[in-house]
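Trainee: Input: one structure, supplied below.
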């Protein structure tokens with residue numbers, strides 16, 4: 001078992017900026033970065049190009065749908081519940097080919113391998129991960145992305161004069177941005193007035209209209225990262241990716257190799273759309289004739305997750321997620337009905353639950369003052385920078401959660417560590 005030195009943990013804690021990196025949040029400590037096998041590091045290096053390709057193809061599919069060159073229901077589904085101004089912004093001609101430059105996929109380590117559950121184009125944790133890169137390097141570790149990978153990424157995005165514009169909804173992440181780029185370059189979205197400097201949008205598009213009402217303004221000739229394309233922030237893309245009528249589009253546009261690799265990563269998903277099925281029709285792989293049949297699935301058989309698609313404050317931080325086998329029927333049935341009833345205004349998707357594996361990692365016990373080798377569930381968040389056709393891996397943050405947790409996200413009893421660039425053997 002790896003031994004954690006009391007001094008190393010104390011050094012890490014002492015290096016935290018005054019006020020911390022997350023507002024009102026804490027985590028458990030380890031001075032050991034996560035070591036992955038060589039095949040996993042190779043996988044992370046190659047994944048960024050596939051993620052960027054997926055978003056480019058999704059972007060083209062939406063636009064083709066709007067233009068009548070692909071099924072009209074694609075854009076109709078993705079635009080449901082959005083104000084006309086938000087839809088108009090996403091269709092701006094000058095932004096036609098733009099995709100976000102900072103990408104953070106959420107990867108879960110399952111019993112079979114990796115599962116891709118989300119692509120976050122306005123990701124939190126950038127400052128936290130940059131801080132970890134710097135400070136774990138000082139402890140003598142070789143860290144993925146080096147000591148300055150994420151700091152360099154933010155510098156490339158912002159340039160010399162760019163500003164991070166952050167909303168009250170996202171203010172938990174204010175301290176990490178202030179530490180990373182300096183307080184003078186972090187602006188409250190509610191009072192922001194557009195200018196000439198590049199703007200890094202650190203708020204989700206569901207917040208756009210309320211920010212406008214509060215006074216936010218953006219000049220049309222001002223560079224905004226990520227581009228204001230609310231349709232690209234929808235998890236509903238996973239359901240569209242699995243739909244038979246769109247399969248040839250994805251195969252052709254992604255190429256057979258990327259198509260197969262992404263299908264192997266993305267758990268099966270379905271749009272939760274109320275509909276009449278023909279007498280001999282069934283929902284593929286679920287083998288049910290109508291959604292109501294899911295109400296009578298046993299808890300053991302509900303190896304499924306209901307998710308809010310997007311354009312909602314519930315669409316991040318696992319707040320809009322219901323795990324079927326983790327809920328009694330009294331809670332499962334209302335969640336199912338609510339999701340179906342909200343299709344026109346707040347689409348949901350149903351997805352196979354990714355059964356999580358476990359790995360060992362040493363963690364500091366603040367009570368006993370000793371290192372403990374525990375078993376943990378893993379969420380891995382690599383950060384990529386897109387520059388034209390080039391996609392660079394700039395670092396990664398590992399979140400280790402207790403094995404009894406079904407939803408894997410930052411929490412007080414989770415462990416946050418960077419990823420090592422050196423290989424090791426998972427146990």
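Trainee: Go through the stretch 268-285 and give me each residue that's in a loop (DSSP other than H, G, I, E, B), over 15 Å from residue 238 (Cβ atoms) and out of contact with any helix residue (DSSP H, G or I) (no Cβ under 7 Å at 6 or more places or on another chain).
Mentor: 275, 276, 277, 278, 279, 280, 281, 282
Trainee: Continuing with the same structure: Kindly list, by first and then second residue, each pair from a residue in the stretch 104-125 that is farther than 18 Å from residue 157 by Cα to a residue that is modelled with pLDDT under 95 and not in a strand (DSSP E or B), limited to pairs with Cβ atoms under 6 Å and residues at least 6 apart or on different chains.
Mentor: Note: pairs meeting the criteria are 108/354; 109/357; 110/354; 110/355; 110/357; 111/355; 111/357; 115/354.
Trainee: Here's a follow-up. Just give me the residues in the stretch 176-191 being over 18 Å from residue 123 (Cα atoms) and either crowded, with 21+ Cβ neighbours inside 10 Å or free of Cβ contacts under 8 Å to residues at least 12 places away in the same chain (or both), in sequence order.
Mentor: 182, 183, 184
Trainee: Quickly run through the stretch 282-338 and pick out the residues that are at positive phi and over 17 Å from the mean Cα position of the chain (by Cα).
Mentor: Matches in the stretch 282-338: 285, 287.
Trainee: Which of the residues that make up the stretch 204-218 are crowded, with 20+ Cβ neighbours inside 10 Å and in contact with a helix residue (DSSP H, G or I) (Cβ under 6 Å, 6 or more places away or on another chain)?
Mentor: Residues satisfying the conditions are 205, 207, 208, 211, 216.
Listed here are the residues, each with its yes/no results for (1) modelled with pLDDT of 95 or more; (2) touching a helix residue (DSSP H, G or I) at 6+ places or on another chain (Cβ under 6 Å); (3) over 20 Å from residue 391 (Cα atoms); (4) surrounded by fewer than 19 Cβ atoms within 10 Å (Cβ to Cβ).
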position	(1), (2), (3), (4)
10	no, no, yes, yes
34	yes, no, yes, no
60	yes, no, no, yes
73	yes, no, yes, yes
79	yes, yes, yes, no
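Trainee: Which one of the conditions (1) assigned by TED's automatic domain parsing to the domain that holds residue 65; (2) touching a residue at least 60 places away in the same chain (Cβ under 8 Å); (3) in contact with a strand residue (DSSP E or B) (Cβ under 8 Å, 6 or more places away or on another chain) does residue 240 fail to meet, given that it meets all the rest?
Mentor: (1)
Trainee: On the given criteria, is residue 395 surrounded by fewer than 17 Cβ atoms within 10 Å (Cβ to Cβ) and at positive phi?
Mentor: no
Trainee: Is the stretch 304-318 home to any residue that is part of a helix (DSSP H, G or I), farther than 25 Å from residue 233 by Cβ, touching a residue at least 40 places away in the same chain (Cβ under 8 Å) and not assigned by TED's automatic domain parsing to the domain that holds residue 209?
Mentor: No, because not a single residue in the stretch 304-318 is part of a helix (DSSP H, G or I), farther than 25 Å from residue 233 by Cβ, touching a residue at least 40 places away in the same chain (Cβ under 8 Å) and not assigned by TED's automatic domain parsing to the domain that holds residue 209.
Trainee: Being more than 21 Å from the chain's Cα centre (by Cα) and part of a loop (DSSP other than H, G, I, E, B) is the filter; apply it to the stretch 92-111 and report the residue that is surrounded by the most Cβ atoms within 10 Å (Cβ to Cβ).
Mentor: Filtering first and then ranking leaves 92.
Trainee: Give, as residue ranges, the strands (runs of 3 or more DSSP E) completely inside the stretch 338-406 that count at least 1 residues that are out of contact with any strand residue (DSSP E or B) (no Cβ under 8 Å at 6 or more places or on another chain) and either at pLDDT 90 or above or not assigned by TED's automatic domain parsing to the domain that holds residue 314 (or both).
Mentor: Qualifying strands (runs of 3 or more DSSP E): 370-387, 390-402.
Trainee: While we're here: On the given criteria, is residue 137 in contact (Cβ under 8 Å) with a residue 24 or more places away in the chain, surrounded by fewer than 21 Cβ atoms within 10 Å (Cβ to Cβ), touching a strand residue (DSSP E or B) at 6+ places or on another chain (Cβ under 8 Å) and farther than 22 Å from residue 187 by Cβ?
Mentor: Taking the combined requirement at face value, the residue does not satisfy it.
Trainee: Can you tell me which residues in the stretch 260-285 are surrounded by 13 or more Cβ atoms within 10 Å (Cβ to Cβ) and free of Cβ contacts under 8 Å to residues at least 60 places away in the same chain?
Mentor: Result: 263, 282, 283.
Trainee: With (1) modelled with pLDDT of 90 or more; (2) surrounded by fewer than 18 Cβ atoms within 10 Å (Cβ to Cβ) as the list, and residue 308 as the residue in question, which single condition is left unmet?
Mentor: (2)
Trainee: So which residues in the stretch 65-91 are in a helix (DSSP H, G or I), in contact (Cβ under 8 Å) with a residue 60 or more places away in the chain and out of contact with any strand residue (DSSP E or B) (no Cβ under 8 Å at 6 or more places or on another chain), if there are any at all?
Mentor: 74, 75, 78, 79, 85, 86, 87, 89, 90 - these are the residues of the stretch 65-91 that are in a helix (DSSP H, G or I), in contact (Cβ under 8 Å) with a residue 60 or more places away in the chain and out of contact with any strand residue (DSSP E or B) (no Cβ under 8 Å at 6 or more places or on another chain).
The values are calculated or read from the model by the stated rules, or taken from the named source; none is laboratory data. Nothing here was measured: the structure is a model prediction, and the numbers come from that model. Cβ: placed from backbone, ideal geometry, glycine included. Neighbour counts: every protein chain shown.
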